[in-house]
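Below is one structure, written out as structure tokens; comments come after it.
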Amino acid sequence: MITTDLFPATLNPSRQYETLCAGAVVLRGFALENERPLLGAIETITAQAPFRHLITPGGFRMSVGMTNAGPLGWVSDRRGYRYDAVDPDSGKPWPAMPEVFLELAGAAAARAGFPGFVPDACLVNRYEPGTRLTLHQDRNERDFSQPIVSVSLGIPAVFLFGGMQRTDRAMRVPLAHGDVVVWGGPARLRYHGVLPLKPNHHEALGACRINLTFRRAG
Ligand code: MD6
Ligand code: FE
């Protein structure tokens, strides 16, 4: 093989598609083509439904800032985790799912072997240096046969990718601007999280990482 060092990672065909385990892949740079429209759509969403720090059922303030787009939004409070059609801060429906989000999520899922994915929820997460997400499973969705598509933008992060038990040893997967992780089938309920972000700067987003997580929730 002569491809290894001739191209940047995002252009190198041999590195575009990385399998983490059965059902989970990283598509390097998959979102770069749509960078401008994606960032524009995030501005539109956060103007209507600003990032906020949710309270966990146990009473802790999450360090990740969150908001949503689409028919359903993921929320947490003292009563638990759930999906809701209404933004509890405004009392209004969440901002519409942008067309560029639907296209990107559907294309990434298809590339990973999950054709026909039409998300009804996009959780928008904002991380600043020091922010982390502890190991968890995504299990508030109705249908675990549907995958999850996760888009990383802005400063890099290390994604923790564990097993079916919280105590299983976790892989460390570095994620950069434009990388997309798709997650489904036998991997759908694996524990995962994000290590505390290191101080850094991104030309488009400053000292911030934004993660878009697409689900079929309802
Ligand atoms: C994040 N992601 O990357 C948080 N969940 O900021 C998640 O919690 C996540 O990336 C399920 C599948 C992929 C993910
Ligand atoms: Fe998750």
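Whole Å is fine, so just give me how far the alpha carbon centre of segment 190-213 lies from that of segment 127-164. If we compute the Cα centre of each part, the gap is 11 Å. Across segment 161-177, coupling constants 3J(HN,Hα) worked out from phi with the 6.51/-1.76/1.60 Karplus curve, θ = phi - 60°, read 10, x, x, 7, 10, 4, 7, 4, 4, 9, 6, 10, 10, x, 10, 10, 3 Hz, and Gly and Pro carry x. Annotation note: trypsin sites (Lys or Arg not before Pro) in segment 7-115 located in DSSP loop regions with a Cβ neighbour count of at most 12 within 10 Å are R78, R79. Farthest towards the positive end of the charge dipole of the chain, among the residues A121, V173, Q48, is the Cα of V173, using unit charges on the Cβ of Lys, Arg, Asp and Glu.
Can you tell me the dipole magnitude for segment 134-218 around its Cα centre, using point charges on the Cβ only (Lys, Arg +1; Asp, Glu -1), in Debye to the nearest 20?
Numbers: 11 positive and 6 negative charges, 51 e Å.
Dipole about the Cα centre, nearest 20: 240 debye.
Of the residues Y127, Y191, the one with the largest accessible area comes first in the ranking Y191, Y127, computed with a 1.4 Å probe on protein heavy atoms.
Taking the Cα centre of segment 76-218 as origin, work out the dipole magnitude from +1 charges on Lys and Arg Cβ and -1 charges on Asp and Glu Cβ, in debye rounded to 20.
Values: 18 positive and 14 negative charges, 121 e Å.
So the magnitude is around 580 debye.
For F117, what is the net charge nearby, where nearby means another residue's Cβ is under 14 Å from its Cβ and Lys, Arg count +1, Asp, Glu -1? Local net charge: 0. In this label model, E128 and E43 are separated by 2.1 nm, measuring between points 7 Å along each Cα→Cβ vector. Highest mobility in the GNM of the chain, judged by mean-square fluctuation with C-alpha springs under 10 Å and restricted to D179, D77, D120, is found for D77.
When H202, H136 are compared by accessible area at a 1.4 angstrom probe, the order from most to least is H136, H202.
Sparsely packed loop sites in segment 144-211 (the trypsin sites (Lys or Arg not before Pro) outside DSSP H, G, I, E and B with at most 10 other Cβ atoms within 10 Å) comprise R169.
The values are calculated or read from the model by the stated rules, or taken from the named source; none is laboratory data. The structure displayed is predicted, hence computed values, not measured ones. Reconstructed Cβ throughout: ideal geometry from the backbone, glycine too, with neighbour counts over all protein chains shown. SASA here: full protein model, heavy atoms, side chains in, ligands and nucleic acids out. Shrake-Rupley method; radii C 1.70, N 1.55, O 1.52, S 1.80 Å.
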